[in-house]
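The values are calculated or read from the model by the stated rules, or taken from the named source; none is laboratory data. Please read all numbers here as calculations on a predicted model, not as lab measurements. Virtual Cβ from ideal backbone geometry, glycine too; neighbours counted across all protein chains shown.
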Amino acid sequence: MARLPSSVLFACTFNAIRSPMAAALLKHLHGRHIYVDSVGVRHAEIDPFAVTVMDEIGIDIGKHQAKTFEDLEDTFFDLVVSLSPEAQHSAVELTRTMACEVEFWPIMDLTAVEGRREEILGVYRLVRDNLRKRILERFPLAPGRGG
């Protein structure tokens with residue numbers, strides 16, 4: 001198995017949908033082995049559709065408190081994964097003061113999704129499942145562990 005980083009920060013624009021979902025997924029899969037946190041360039045309240053689609057797979061993000069890069073207490077991460085172009089810029093700025101790797105995973109911005117409830121949930125599920133797939137590829141489970 002590839003060596004896993006000891007700490008990962010997920011970053012997106014608002015820390016309300018993509019980065020909380022990604023952080024919760026990685027914590028669910030590797031929480032005993034990797035310190036995981038999430039931030040946004042700006043913050044907004046957790047998105048109720050994100051809470052719903054994560055609940056569907058048994059992960060509760062309903063109590064997530066959004067924070068920004070400026071709110072971080074610990075700025076020592078091995079890896080920062082940015083999920084939006086705006087967050088990528090802020091993540092690169094972090095490398096001026098922190099020795100870390102930065103990866104850009106462009107993930108669809110769900111704040112503009114419109115339609116009926118089931119249509120919106122369908123798009124959120126696609127993003128959730130895409131995040132889970134990318135996380136499992138980047139942070140593989142040890143042989144014999146389910147996911």
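Quick notes on this one:
- Per-region count, the stretch 3-32, residues under 18 Å from Cys100 (Cα atoms) and out of contact with any helix residue (DSSP H, G or I) (no Cβ under 9 Å at 6 or more places or on another chain): 5
- Long-range neighbours under 6 Å by Cβ, at least six apart or interchain, first residue at pLDDT below 90 and exposed (fewer than 12 other Cβ atoms within 10 Å of the Cβ) within the stretch 71-97, second assigned to a helix (DSSP H, G or I) and β-branched (Val, Ile, Thr): none
- Val53 meets the conditions (1) buried (at least 23 other Cβ atoms within 10 Å of the Cβ); (2) within 12 Å of the chain's Cα centre (by Cα) in every case but one. The failed one is (2).
- Taking each residue of the stretch 16-27 that is in contact (Cβ under 8 Å) with a residue 40 or more places away in the chain and looking for partners that are outside any helix (DSSP H, G or I) and of a type in the set (Asp, Glu) with beta-carbon atoms closer than 6 Å, six or more apart or interchain, yields Ala16/Asp47; Ile17/Asp47.
- The stretch 8-26, residues that are over 8 Å from the mean Cα position of the chain (by Cα) and either aromatic (Phe, Trp, Tyr) or surrounded by fewer than 18 Cβ atoms within 10 Å (Cβ to Cβ) (or both): Phe14
- Only one of the numbered conditions (1) in contact with a Phe, Trp or Tyr (Cβ under 6 Å, 6 or more places away or on another chain); (2) aliphatic (A, V, I, L, M); (3) surrounded by fewer than 24 Cβ atoms within 10 Å (Cβ to Cβ) is violated by Ile46, and that is (1).
- Some residue of the stretch 122-143 being at pLDDT 95 or above, in a strand (DSSP E or B), buried (at least 17 other Cβ atoms within 10 Å of the Cβ) and touching a Phe, Trp or Tyr at 6+ places or on another chain (Cβ under 7 Å): no
- Of the criteria (1) of a type in the set (A, V, I, L, M, F, W, C); (2) buried (at least 17 other Cβ atoms within 10 Å of the Cβ); (3) in a helix (DSSP H, G or I), which one Ile107 fails: (3)
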